[in-house]
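Engineer: This structure is in structure tokens; I'll ask about it shortly.
The values are calculated or read from the model by the stated rules, or taken from the named source; none is laboratory data. Since the structure is predicted, the reported quantities are computational estimates derived from the model, not experimental observations. Every residue, glycine as well, gets a Cβ built from its backbone with ideal geometry; the counts of neighbours run over all protein chains shown.
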Amino acid sequence: MREYLQATAFLDADHPDIIHQTMQVVSSAQHETEKAVHIFYFVRDQIRYNMYACVADAKTLKASYVLQQGEGWCLQKAILFTAMARAAGIPSQLILTSIKNHKAPPEVWDLMGSNIFFPHAYNLLYLDGRWVKAAATFDADLCRRLEVSAVEFDGRKDAVLPAYDKLGQPFIEYIGPEKAVSDLPLSWILERSMEIYKDYYKNWIKES
């Protein structure tokens, strides 16, 4: 379990800003599950979702960078969530997978050549003796504008992105496979992205 609590270059849970923000967020929590819930809602709503922050420049994929920017795409938000959970003493992993976003804007389809999003990332947290999934991806304000339900997390049940919007139309489709990791495998992400997006790869992802 120790590897899921360690700070790494990307999951810099030992960064002073991460520690300070985490301690503020969890200050009123009475137990680990409540701490996890407080961190979830901080990352969900105080770190604005911005898919156009989606680059693979290594410096933008550090938890402390995401916190300082106050916004990020799914991978960045999951990285921050992992680091803050670890700073609070909660074992945490990243889950990397592929999804289809059926509400993605047409210009995104043109940019990417697909409505497949890889890597999509969310979190696994070890709470009350078991691993629980949590996706703090889309902030509540964005969900209101998209007319989708915001993900709610109680620390006990898996909380992932909804399959349908509020009108019953397709929204998020998890197509997998899932890869749970204790640190960010950036080289693997870049290689897999090139396989999926081919010539479109250069339009949206930048190597550092």
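Engineer: Tally the residues that are in a helix (DSSP H, G or I), polar (S, T, N, Q) and over 22 Å from residue 135 (Cβ atoms), restricting the search to segment 6-36.
Structural biologist: Residues of segment 6-36 that are in a helix (DSSP H, G or I), as a first pass: 16-25, 32-36.
Cutting the leftovers down to polar (S, T, N, Q) gives us 21-22, 24, 33.
Still in the list and also over 22 Å from residue 135 (Cβ atoms): 24.
The number of residues fulfilling the criteria is 1.
Engineer: Looking for something of a type in the set (A, V, I, L, M), assigned to a strand (DSSP E or B), modelled with pLDDT of 95 or more and more than 17 Å from the chain's Cα centre (by Cα) - is there at least one such residue anywhere in segment 126-133? Step through it out loud before you land on a result.
Structural biologist: Step one: filter segment 126-133 for residues of a type in the set (A, V, I, L, M), giving 127, 132.
The next check asks that each one be assigned to a strand (DSSP E or B); those that pass are 127, 132.
When the remaining residues are screened for being modelled with pLDDT of 95 or more, the result is 127, 132.
Next, from what is left, pick out any that are more than 17 Å from the chain's Cα centre (by Cα): 127.
Scanning segment 126-133 turns up at least one residue that is of a type in the set (A, V, I, L, M), assigned to a strand (DSSP E or B), modelled with pLDDT of 95 or more and more than 17 Å from the chain's Cα centre (by Cα).
Engineer: Okay, moving on. Select, from 81, 118, the only residue that is within 18 Å of residue 160 (Cα to Cα), touching a residue at least 24 places away in the same chain (Cβ under 8 Å), aromatic (Phe, Trp, Tyr) and part of a helix (DSSP H, G or I). I'd like the intermediate steps shown before the answer.
Structural biologist: On the way: 118 fails: part of a helix (DSSP H, G or I).
Matching residue, one of 81, 118: 81.
Engineer: Considering only segment 119-127, I want to know if a residue exists there that is surrounded by 19 or more Cβ atoms within 10 Å (Cβ to Cβ), more than 14 Å from residue 173 (Cα to Cα) and in contact with a Leu (Cβ under 6 Å, 6 or more places away or on another chain).
Structural biologist: no
Engineer: If you don't mind, there's one more thing I want to ask. Can you pull out every residue in segment 1-28 that is farther than 17 Å from residue 123 by Cβ and of a type in the set (Gly, Ala, Ser)? Don't jump to the end; show me each part of the working.
Structural biologist: Narrowing segment 1-28 to residues farther than 17 Å from residue 123 by Cβ: 2, 9, 14-17, 19-20, 23-24, 27-28.
9, 27, 28, listed by residue number.
Engineer: On the given criteria, is residue 58 touching a residue at least 60 places away in the same chain (Cβ under 8 Å), crowded, with 17+ Cβ neighbours inside 10 Å, farther than 23 Å from residue 174 by Cβ and not aromatic (Phe, Trp, Tyr)?
Structural biologist: Values: touching a residue at least 60 places away in the same chain (Cβ under 8 Å): yes; crowded, with 17+ Cβ neighbours inside 10 Å: no; farther than 23 Å from residue 174 by Cβ: yes; not aromatic (Phe, Trp, Tyr): yes.
In short, no.
Engineer: What pairs can you find where one residue is in segment 8-33 and under 11 Å from residue 84 (Cα atoms) and surrounded by 19 or more Cβ atoms within 10 Å (Cβ to Cβ), the other is at pLDDT 95 or above and hydroxyl-bearing (Ser, Thr, Tyr), and their Cβ atoms are less than 7 Å apart, with a gap of 6+ or different chains?
Structural biologist: Short answer, once both residue conditions are applied: 11/82; 12/64; 15/64; 18/64.
Engineer: So for segment 43-58 (the condition being at pLDDT below 95, under 12 Å from the mean Cα position of the chain (by Cα), part of a helix (DSSP H, G or I) and within 22 Å of residue 118 (Cα to Cα)), does at least one residue qualify?
Structural biologist: Yes, some residue in segment 43-58 is at pLDDT below 95, under 12 Å from the mean Cα position of the chain (by Cα), part of a helix (DSSP H, G or I) and within 22 Å of residue 118 (Cα to Cα).
Engineer: Can I ask one more? Does any residue of segment 75-85 turn out to be at pLDDT 95 or above, polar (S, T, N, Q) and touching an Asp or Glu at 6+ places or on another chain (Cβ under 7 Å)?
Structural biologist: No: segment 75-85 contains no residue that is at pLDDT 95 or above, polar (S, T, N, Q) and touching an Asp or Glu at 6+ places or on another chain (Cβ under 7 Å).
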